[in-house]
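The values are calculated or read from the model by the stated rules, or taken from the named source; none is laboratory data. Nothing here was measured: the structure is a model prediction, and the numbers come from that model. As a convention, Cβ positions derive from the backbone with ideal geometry for all residues, glycine included, and neighbour counts pool all protein chains shown.
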4 protein chains.
Amino acid sequence: MINVALLGFGRIGQMHAENINKNKDLKLLYVYEKVDFLSKKAKKLYNCKIEKNYSKIFQDNNVDIIFISSPTNTHIKFIEEGMVYKKTIFCEKPLDLNISKNLKLLKKIKKNKPKIQLGFNRRYDPGHFSIKKDLSKNKIGRLEKIIITSRDPAPPKTSYLKSSGGIFRDMMIHDFDLCRMYLGKDEISEVYAVTSSFEKIYKKIKDHELAVVTMKSKKGVICVITNSRHCSFGYDQRVELFGKKGMLLSGNKEINSTELFNKNQSSSKKPFLNFFVDRYEDAHNIQLKELTALHKGTIKSRSTFEDGYVALKLANACYKSLRLKKTIKL
Amino acid sequence: MINVALLGFGRIGQMHAENINKNKDLKLLYVYEKVDFLSKKAKKLYNCKIEKNYSKIFQDNNVDIIFISSPTNTHIKFIEEGMVYKKTIFCEKPLDLNISKNLKLLKKIKKNKPKIQLGFNRRYDPGHFSIKKDLSKNKIGRLEKIIITSRDPAPPKTSYLKSSGGIFRDMMIHDFDLCRMYLGKDEISEVYAVTSSFEKIYKKIKDHELAVVTMKSKKGVICVITNSRHCSFGYDQRVELFGKKGMLLSGNKEINSTELFNKNQSSSKKPFLNFFVDRYEDAHNIQLKELTALHKGTIKSRSTFEDGYVALKLANACYKSLRLKKTIKL
Amino acid sequence: MINVALLGFGRIGQMHAENINKNKDLKLLYVYEKVDFLSKKAKKLYNCKIEKNYSKIFQDNNVDIIFISSPTNTHIKFIEEGMVYKKTIFCEKPLDLNISKNLKLLKKIKKNKPKIQLGFNRRYDPGHFSIKKDLSKNKIGRLEKIIITSRDPAPPKTSYLKSSGGIFRDMMIHDFDLCRMYLGKDEISEVYAVTSSFEKIYKKIKDHELAVVTMKSKKGVICVITNSRHCSFGYDQRVELFGKKGMLLSGNKEINSTELFNKNQSSSKKPFLNFFVDRYEDAHNIQLKELTALHKGTIKSRSTFEDGYVALKLANACYKSLRLKKTIKL
Amino acid sequence: MINVALLGFGRIGQMHAENINKNKDLKLLYVYEKVDFLSKKAKKLYNCKIEKNYSKIFQDNNVDIIFISSPTNTHIKFIEEGMVYKKTIFCEKPLDLNISKNLKLLKKIKKNKPKIQLGFNRRYDPGHFSIKKDLSKNKIGRLEKIIITSRDPAPPKTSYLKSSGGIFRDMMIHDFDLCRMYLGKDEISEVYAVTSSFEKIYKKIKDHELAVVTMKSKKGVICVITNSRHCSFGYDQRVELFGKKGMLLSGNKEINSTELFNKNQSSSKKPFLNFFVDRYEDAHNIQLKELTALHKGTIKSRSTFEDGYVALKLANACYKSLRLKKTIKL
């Protein structure tokens, strides 16, 4: 049995706890959570140890994996501790919003080579990953364009939005990373961003409702990312890879596989899955499986700290592009 | 220019007239139609000769093609005349409802070998024919099952239904023929039919609203045909060929290629085409083109008199099966 | 915790064991399995009690649920024992192949009203059940036709086929039951069956490779069931409900939601799921959840002993129809 | 009969000639074409008058409609002549590449109000237009995003590309216009362009293989246009309208409605139509019909000279954006 300490029992932490609990190879040993009613909830649900002093957790030799889903500004600290104590580390995205702190940590990580997996769940989605494999098998020839549509069913709470780092850092970060997964060794060399907001709240909190980014890689691949904070028909998360010889799509998941035909319509399907826990259930299970394998040393990490760092740099470049209304070179 | 004489200017005859008129190789020379207001309509629309004595039409050496869309009980007479005068003949389905008369004619036809094309338009439908070609290319291996769904948007007028010969002869006849197209040299050896009617009118006129027929060929291919006199979402006419290595479908045609997504549904398409003139527009054009080529002697007929005869025999076997509630051997 | 005793640890029993083990409300207390290497496997995997004397299991007050996946000819005995000891009972389909034994048991069951759930997993499939709900909501008006396509990716082992009771009892039994689910209180009144076999093995073991059944209900609903023991593109299990106002489909599940476009094809999807454990994963989880609720008395059973009995009667009628080559009235 | 004079019998002119010839209300009276073998071809095919002095055509009172498909730099001259002689005018896109000349003409047109229809065929496509109607019916609520994918099966000849005005003026001009059709009175206020080329020829002739443009309207609607000069699977021309309450798609047209299933794939469709004459056959017929109605004065033009002018301005803004690597305000 591999013992896990979960740091942070908020919305996303609770989902991870449930997945860890269901996983046969993992045992949820500790939960670290400052908010009392949350730590009590964790205790009740999983009968795990509740520890308010995180140092003790890191010092405990029984802990194999540190699972970081605490607030963004704690990520660097916990990763560093994890490195010191030779733990296998999972860390939710995004990394600390201060890019230079991440750069420092990146250098240490390159030196110390900890086992670390970032929370870019879409890399583990069977569909999104399947078209990467088909791309590698040359099914569409030379890659020329990547087009990602990524719309959430509904915006997070305003309180979250205020401190999330904004649409490019809390939401599009997944899409930057996904582009990079498909690009492989080819790197993004320029970025341009445009946004729009219809609901007034977004201007008030200096965030954006819609965002579109166009990027270009060194080899000339054009990437287009389209984000929306809302989508009436559920999670709309599609990837389109266009190549010289063809196109690969990774599509959405409907609630079930039924269709209605009547005088007004044909082949009318159910809306898409509306909850990210359902939409990415398979991805989360695969990710946990790979985290276990990473801990055992049998595979490399599919989503590294450097991936998190570069995605954040791209998000920052988007803000610069928005401000200057021009192409930003990287 | 190839001259056409159209016999019968009813609903279906009018559609043929329009298609003949649009075809660059054909000229609509005569219309033979006993009903005055219809023959006047023909005159007005196409400025063709109106002839009430059909013998004169057959005797006119300028007439190349005889196009028969007159009432069913005139078909045999007109085909025989056409043979005598060496015309190229098109004849609408079904043939005369008296099977023994058709058998006599079949013998003459086998001897005289006239150029004749039957009005089995579905054989000419690009989709339905495309899967026949794919079947021949061995794309699904050995053929094991043929499943045809064939639903009309709405029933014909009751007056037509009363004299049409019934659902097996006026409607399913197309599906019998389509099965035979896919079966090629393999022959249907047994038939079983079941019907049902929900609207009262059908019992009153001794017809059926729904019909399902299962057939088996000599080689063991099972055919299932499903008919309905109504379909709220338009023409629902699909073919499914199931084989050892795969399956081929020939599907429906929506009004246009648009889709609607909202909180209740995703990928909701428009209903299917609702009018057979639209649904089989391509088929009718191809059929006319082949009729021209048949006249010129460059191709063989895709739908022969014998095809019409065998389809009618299958329809008759279905009525026998209904009556006896058992399998009918052919 | 609800304690489960699993009787039979064959292919299907092993799947149930895994699902029971994953379920949070259930504990796999006993496995009863005569074959040694299988009972050892159960012990190793689940650390449960292995008991070769089934009476002890029924007598153990700690056992709440009896889960029967032992050979078909043991089903009646175990259900009766379960009734005596007031256990909640799950029983795999089909019931005993001797219909009169089942009739006797049915009478006892009607009197004693045990909590019993039959293994008709398709009733619990979210898609198949969803269209039942939409039918009840009158989305397609009066039901007129039910068309079920049900093809397994590959046949079971010949050894299984020899004693399975044949395609109507081991495979189409699910489709009979599914038809009955959609028909509700309307009953099937007549049946006709046709079969075909291309591979020689089927004739040798007196089974069939393909089977098509047409049935008619008292109210006039026509049901068509199409079975195949093989299907190159995975599980092909579709339901089509046709009504006066529209049509409902419950479709298949592809391996993932990706598509390939190239010069030969567009929108090419992955094959369907190939393994029933994957295809019906959701159904099995829902079924276990309802079994728990049934045990607690909060719901009624969605699939009763009577459902199993009637489905078997329909299967038997099909064999009679095959023999006599005619419609069988029920 | 309405008499048409066709100016220019190149590739596109020949298609128009064929459509005019098939149209029952129109007669192809004149063809004006300087290239001898082309004018001879026109004479042979349509038995129309061939006139090398265009003035005589404009002076002929029998000519009702002037159909301009001659080289781009003759468009202004012919439109002006048409206005002088009160002809109904059709003019192919793009207008003269010199924007200031068009501006001058625009002023005259606003004053003289000739009957003029521009060759923006996509406005007339039943699918693309259908979602405009659905948008007006408020089916997706407030419009927030327009995403157009527009890929040609293969690039035009290099000789054409050299003088075409480039990808934004010869190809994306359709997409600018389509965006404007959906935006209605809302106007595009900013533009950003990025391009890429993999094949060397494009750099040599200073054109681009791929182009992506993001635009923003005054009301905040974001438009994304994706162009490619090649597409292995045929014409890929899709429109996606995203709104507060839903999404509308206008999709592609496959060669036929058939699908193949085998061990490697399911629901594999035929490639998209590969030839613009086929892809936009319906659009061209509707456009001619409306041209006739415009001539008769029963409708307004769906695609005006001003539409052509504004689309060209947007194309020019894209070149500026490319050069300066920044957002261009309009």
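Worth pointing out:
- Residue check, D:D177 within 20 Å of the chain's Cα centre (by Cα), over 22 Å from D:K162 (Cα atoms) and not in a strand (DSSP E or B): yes
- Taking every residue in the range D:130-142 that is more than 10 Å from chain B (Cβ to nearest Cβ) and pairing it with any residue that is not in a helix (DSSP H, G or I), at least 6 positions away or on another chain, the pairs with Cβ-Cβ distances below 6 Å are D:L135/D:L241; D:R142/D:G243; D:R142/D:K244.
- A residue that is at pLDDT 95 or above and of a type in the set (K, R) can be found somewhere in the range C:267-278.
- Test for A:D175: is it touching a residue at least 24 places away in the same chain (Cβ under 8 Å), among the acidic types (D, E), crowded, with 22+ Cβ neighbours inside 10 Å and under 18 Å from A:G127 (Cβ atoms): yes
- Residues (touching a strand residue (DSSP E or B) at 6+ places or on another chain (Cβ under 8 Å) and under 18 Å from A:F275 (Cα atoms)) located in the range A:154-174: A:M171, A:M172, A:H174
- Filter result for the condition that a residue is more than 14 Å from every other protein chain (Cβ to nearest Cβ), buried (at least 16 other Cβ atoms within 10 Å of the Cβ), out of contact with any Leu (no Cβ under 9 Å at 6 or more places or on another chain) and modelled with pLDDT under 95, over C:L161, C:L97, C:L106: C:L161
- For the residues D:I173, D:I188, the requirement of being more than 14 Å from chain B (Cβ to nearest Cβ), β-branched (V, I, T) and under 24 Å from D:G8 (Cα atoms) singles out D:I173.
- Test: residue in the range C:296-313 that is of a type outside the set (G, A, S), within 14 Å of chain A (Cβ to nearest Cβ), in contact (Cβ under 8 Å) with a residue 60 or more places away in the chain and within 18 Å of C:Y182 (Cα to Cα): no
- Residues of the range B:19-47 that turn out to be touching a residue at least 24 places away in the same chain (Cβ under 8 Å) and either within 25 Å of B:A293 (Cβ to Cβ) or in contact with a Cys (Cβ under 6 Å, 6 or more places away or on another chain) (or both), as a count: 13
- Selection within the range D:61-86 - over 19 Å from D:I109 (Cβ atoms) and surrounded by fewer than 17 Cβ atoms within 10 Å (Cβ to Cβ): D:N61, D:N62, D:P71
- The one condition in (1) over 28 Å from A:K244 (Cβ atoms); (2) surrounded by fewer than 24 Cβ atoms within 10 Å (Cβ to Cβ) that D:L273 fails to fulfil: (1)
- Any chance A:Y182 is at negative phi and within 14 Å of chain D (Cβ to nearest Cβ): no
- Residue tally, condition charged (D, E, K, R), closer than 30 Å to D:N264 by Cα and touching a helix residue (DSSP H, G or I) at 6+ places or on another chain (Cβ under 7 Å), over the range A:86-142: 4
- Among residues of the range C:71-91, those that are of a type outside the set (A, V, I, L, M) and either modelled with pLDDT under 95 or farther than 14 Å from C:A5 by Cα (or both), counted: 7
- Residues of the range B:92-128 satisfying the condition of being polar (S, T, N, Q) and touching a residue at least 60 places away in the same chain (Cβ under 8 Å): B:N102, B:Q117, B:N121
- Of all residues in the range C:142-158, those satisfying the criterion of being in contact with a Cys (Cβ under 7 Å, 6 or more places away or on another chain) and either surrounded by fewer than 21 Cβ atoms within 10 Å (Cβ to Cβ) or assigned to a loop (DSSP other than H, G, I, E, B) (or both) are C:D152, C:P153.
- Residues in the range D:225-238 that are in contact with an Asp or Glu (Cβ under 9 Å, 6 or more places away or on another chain) and more than 14 Å from chain B (Cβ to nearest Cβ): D:I225, D:T226, D:N227, D:S228, D:R229, D:H230, D:C231.
- Test for A:K139: is it basic (K, R), within 29 Å of D:C223 (Cβ to Cβ) and outside any helix (DSSP H, G or I): no
- Considering the range C:263-292, and only residues there that are closer than 24 Å to C:P156 by Cα and polar (S, T, N, Q), the residue that is nearest to the other protein chains (Cβ to nearest Cβ) turns out to be C:N274.
- In the range C:1-108, counting only helices (runs of 4 or more DSSP H) that sit wholly within it, the ones holding 3 or more residues that are out of contact with any Asp or Glu (no Cβ under 8 Å at 6 or more places or on another chain) span C:11-22, C:36-46, C:75-84.
- Selection status of D:G220, among the small types (G, A, S), surrounded by fewer than 19 Cβ atoms within 10 Å (Cβ to Cβ) and not in a strand (DSSP E or B): yes
- Against the conditions (1) farther than 30 Å from A:G246 by Cβ; (2) surrounded by 17 or more Cβ atoms within 10 Å (Cβ to Cβ), D:K253 satisfies every one except (1).
- Remark: D:I89 falls outside the filter, which requires a residue to be touching a strand residue (DSSP E or B) at 6+ places or on another chain (Cβ under 7 Å), surrounded by 14 or more Cβ atoms within 10 Å (Cβ to Cβ) and in contact (Cβ under 8 Å) with a residue 40 or more places away in the chain.
- The residues of the range A:192-206 that are within 8 Å of chain D (Cβ to nearest Cβ), hydrophobic (A, V, I, L, M, F, W, C) and not in a loop (DSSP other than H, G, I, E, B) amount to a single one, A:V194.
- Just one residue in the set C:L248, C:L241, C:L260 is more than 9 Å from chain A (Cβ to nearest Cβ) and either surrounded by 22 or more Cβ atoms within 10 Å (Cβ to Cβ) or closer than 29 Å to A:F242 by Cα (or both); that residue is C:L241.
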